[in-house]
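Peer 1: Questions regarding the structure given below will be posed in turn.
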Amino acid sequence: MSGTFVGMPAFPEAARAAVGDATLRANLRHATRTIRDKRARAVAELDDWAHLREAGKRIKDHTLRHLDRYLLRLEEAVTAAGGTVHWAADAAEANRVVTRLVVETGESEVVKVKSMATQEIGLNEALEAAGVRAYETDLAELIVQLGRDRPSHILVPAIHRNRGEIRDVFRAEMGRWGRPAPDGLGDAPAELAEAARLHLREKFLRAKVGISGANFMVAETGTLVVVESEGNGRMCLTLPETLISVVGIEKVVPTWRDLEVFLQTLPRSSTAERMNPYTSTWTGTADSDGPRAFHLVLLDNGRTDALADEVGRQALRCIRCSACLNVCPVYERAGGHAYGSVYPGPIGAILSPQLRGTASEVDASLPYASTLCGACYEVCPVAIDIPEVLVHLRERVVEGGEVTRRGVRVRLRPAKGHAAERAAMRAARWVFRHPGALRAGQRLASRTRAAHPRTLPGPGRAWSATRDLPPVPAEPFRDWWRRTRGEGSGA
Ligand code: SF4
């Protein structure tokens, strides 16, 4: 995925380092609690939230089921409106296409509006290798870029930074990238926003090429949609002569009517706003306004493989609102960098191992980056059952099994380091298939309960070191049921 995360350790190691950082934990706790409380109030205002959620789920499921048809319809509409569509099977192909398009304009710099797809493919690094400098213009992305940092949240990529840290980054780095920070810059939000505005303005007015992502693509008209809070995106979309949009194929919706649902659920779930401040839509090119050339790069990069997975494909419903991150107790403590991917938090834990596979240690660890508390499912505006997919992926990591990779069915071997878990699951499977053995084991456990250790021996020690082992009852449930309800009562 993104080159920026190459070399990250697996989640347990990265999370251990993160939870030891008191400043990081305080920044995250403050930010996630504020956003999730506001979101809960914004959602509670709507009587029909449950219906909207169900409608969003159904629209996405329907579109994914007929994805081929809607993508072809989209291509037709974009082409008819004067745009050019490019299909990219993977990150390398997408980077090749975009780099070629930029180099053909003769320009050596581009402005970008926040796009997770371009972070996913490591586009900035690919452009840099071709001698093209990419300037991030979303405020949080700008902070990340100036700080030579990595994004740690879907909506607020610099959520791990507080205002004092941001002021220091602006003071130290803005001058190296363009207009320096004003003298005596303080850490008040208005001062920081003004510094960023002045810094970015010269880039907006100079750049001839803009690169964007999109929140949605409407198949019936070939229209792309970006929703944002700052207006910087709109500058990127309208001022440059050439606009290149790199978008995951799952972002298509059939009609404008479908959009109506998501334009209600997305802002309330992400920024807790009733309506996002800027909604920009663009369809091909026009003679009198906006870019003279428009290119749409449709990115697969593992998405059709995820689509082939009956349980895991629901992750492609995601509209990147980030509500699941803000309620996740694991994300709140470990932060986004620990996930080793541009998609952090609960959605990252199910999306990244599907897009990238589970062969690496980082990806094999992600399905375990959760307590399975279910809070992420409760808030998800398209009802993705994240815990179900996590358990499904854990099974894949432990047992291996059949998956689709680049359109071909292949059999995965179990990931390394899960032998004890595999043995425990096999033993449990055998015991549950033999009720007599289960009953005898339960009775033996009850009779010997006083002698049970408080921690597990061997490989189980690490598990029980951070958890209380549940006490074994004095009498097995089945025996209690028979004793209190009598024989033949169904136990
Ligand atoms: S999984 Fe659901 S809650 Fe999480 S970012 Fe995606 S749409 Fe939002």
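The values are calculated or read from the model by the stated rules, or taken from the named source; none is laboratory data. Everything numeric here is computed off the predicted structure, so don't read it as measured data. When we count neighbours, we look across all protein chains shown, and the Cβ atoms used for this are built from the backbone with ideal geometry, even at glycine. The accessibility values were calculated without ligands, DNA or RNA, using every heavy atom of the protein model including side chains. Shrake-Rupley method; radii C 1.70, N 1.55, O 1.52, S 1.80 Å.
Peer 1: If you go through the range 291-321, how many residues are in a loop (DSSP other than H, G, I, E, B), away from the ligand (no atom under 13 Å from the Cβ) and surrounded by 20 or more Cβ atoms within 10 Å (Cβ to Cβ)?
Peer 2: Selection size over the range 291-321: 4.
Peer 1: Would you check if residue 438 is in a helix (DSSP H, G or I), aliphatic (A, V, I, L, M) and open to solvent by less than 100 Å² (accessible area, probe 1.4 Å)?
Peer 2: yes
Peer 1: Just to be sure before I move on: is residue 312 more than 20 Å from residue 161 (Cβ to Cβ), in contact with a His (Cβ under 8 Å, 6 or more places away or on another chain) and not aliphatic (A, V, I, L, M) in the structure I sent?
Peer 2: The answer is yes for residue 312.
Peer 1: Can we say residue 255 is more than 21 Å from the chain's Cα centre (by Cα), buried (at least 16 other Cβ atoms within 10 Å of the Cβ) and of a type in the set (Val, Ile, Thr)?
Peer 2: no
Peer 1: Within the range 227-250, is there a residue that is at negative phi, within 19 Å of the chain's Cα centre (by Cα) and assigned to a helix (DSSP H, G or I)?
Peer 2: yes
Peer 1: If you don't mind, there's one more thing I want to ask. What tally of residues in the range 448-460 results from selecting those that are surrounded by 12 or more Cβ atoms within 10 Å (Cβ to Cβ) and at pLDDT below 85?
Peer 2: Of the residues in that region, 4 qualify.
Peer 1: Also: Hey, among 491, 445, which residue is more than 25 Å from the chain's Cα centre (by Cα), at pLDDT below 90, surrounded by 13 or more Cβ atoms within 10 Å (Cβ to Cβ) and over 28 Å from residue 365 (Cβ atoms)?
Peer 2: It is 491.
Peer 1: Can I ask one more? Tally time: how many residues in the range 151-200 are more than 29 Å from the chain's Cα centre (by Cα), closer than 25 Å to residue 326 by Cβ and open to solvent by less than 50 Å² (accessible area, probe 1.4 Å)?
Peer 2: Total meeting the criteria: 1.
Peer 1: Continuing with the same structure: Do we have any residue at all in the range 304-314 that's closer than 17 Å to residue 387 by Cβ, touching a Leu at 6+ places or on another chain (Cβ under 6 Å) and modelled with pLDDT of 95 or more?
Peer 2: Checking the range 304-314: at least one residue is closer than 17 Å to residue 387 by Cβ, touching a Leu at 6+ places or on another chain (Cβ under 6 Å) and modelled with pLDDT of 95 or more.
Peer 1: Going by the structure shown, is residue 291 without any contact (Cβ under 8 Å) to a residue 60 or more places away in the chain and not charged (D, E, K, R)?
Peer 2: No: the conditions fail for residue 291.
Peer 1: Out of the residues in the range 322-346 meeting the condition of being away from the ligand (no atom under 16 Å from the Cβ) and open to solvent by 10 Å² or more (accessible area, probe 1.4 Å), tell me which one is farthest from residue 16 (Cα to Cα).
Peer 2: 337
Peer 1: Then there's this: All but one of (1) away from the ligand (no atom under 16 Å from the Cβ); (2) touching a residue at least 24 places away in the same chain (Cβ under 8 Å); (3) not in a loop (DSSP other than H, G, I, E, B) hold for residue 421; which doesn't?
Peer 2: All conditions pass for residue 421, except number (2).
Peer 1: If you scan the range 461-474, which residues turn out to be open to solvent by less than 60 Å² (accessible area, probe 1.4 Å) and closer than 26 Å to residue 436 by Cα?
Peer 2: 469, 472
Peer 1: Go through the range 307-332 and count every residue that is over 22 Å from residue 249 (Cβ atoms) and without any contact (Cβ under 8 Å) to a residue 12 or more places away in the chain.
Peer 2: 0
Peer 1: Are there helices (runs of 4 or more DSSP H) fully within the range 1-120 with at least 1 residues that are modelled with pLDDT under 95? List them.
Peer 2: Here the list reads 11-19, 22-44.
Peer 1: Report, by residue number, each residue of the range 371-389 that is buried (at least 23 other Cβ atoms within 10 Å of the Cβ) and more than 9 Å from the ligand (Cβ to nearest atom).
Peer 2: 389
Peer 1: Restricting to the range 256-285, name every residue that is under 19 Å from residue 316 (Cβ atoms) and either away from the ligand (no atom under 16 Å from the Cβ) or not in a helix (DSSP H, G or I) (or both).
Peer 2: none
Peer 1: Shifting gears a bit: Regarding the range 268-277, can at least one residue be identified that is touching a His at 6+ places or on another chain (Cβ under 7 Å) and of a type outside the set (Asp, Glu)?
Peer 2: no
Peer 1: Of the residues 402, 421, which single one is closer than 24 Å to residue 10 by Cα, open to solvent by 50 Å² or more (accessible area, probe 1.4 Å), more than 26 Å from the chain's Cα centre (by Cα) and among the acidic types (Asp, Glu)?
Peer 2: Only one candidate passes the filter, namely 421.
Peer 1: Looking at the range 100-135, which of the residues that are open to solvent by less than 20 Å² (accessible area, probe 1.4 Å) and among the β-branched types (Val, Ile, Thr) is nearest to residue 227 (Cα to Cα)?
Peer 2: Out of the qualifying residues, it is 113.
Peer 1: Among the residues of the range 347-360, write down those that are out of contact with any Lys or Arg (no Cβ under 8 Å at 6 or more places or on another chain), open to solvent by 10 Å² or more (accessible area, probe 1.4 Å) and either farther than 18 Å from residue 301 by Cα or free of Cβ contacts under 8 Å to residues at least 60 places away in the same chain (or both).
Peer 2: Passing the criteria: 359, 360.
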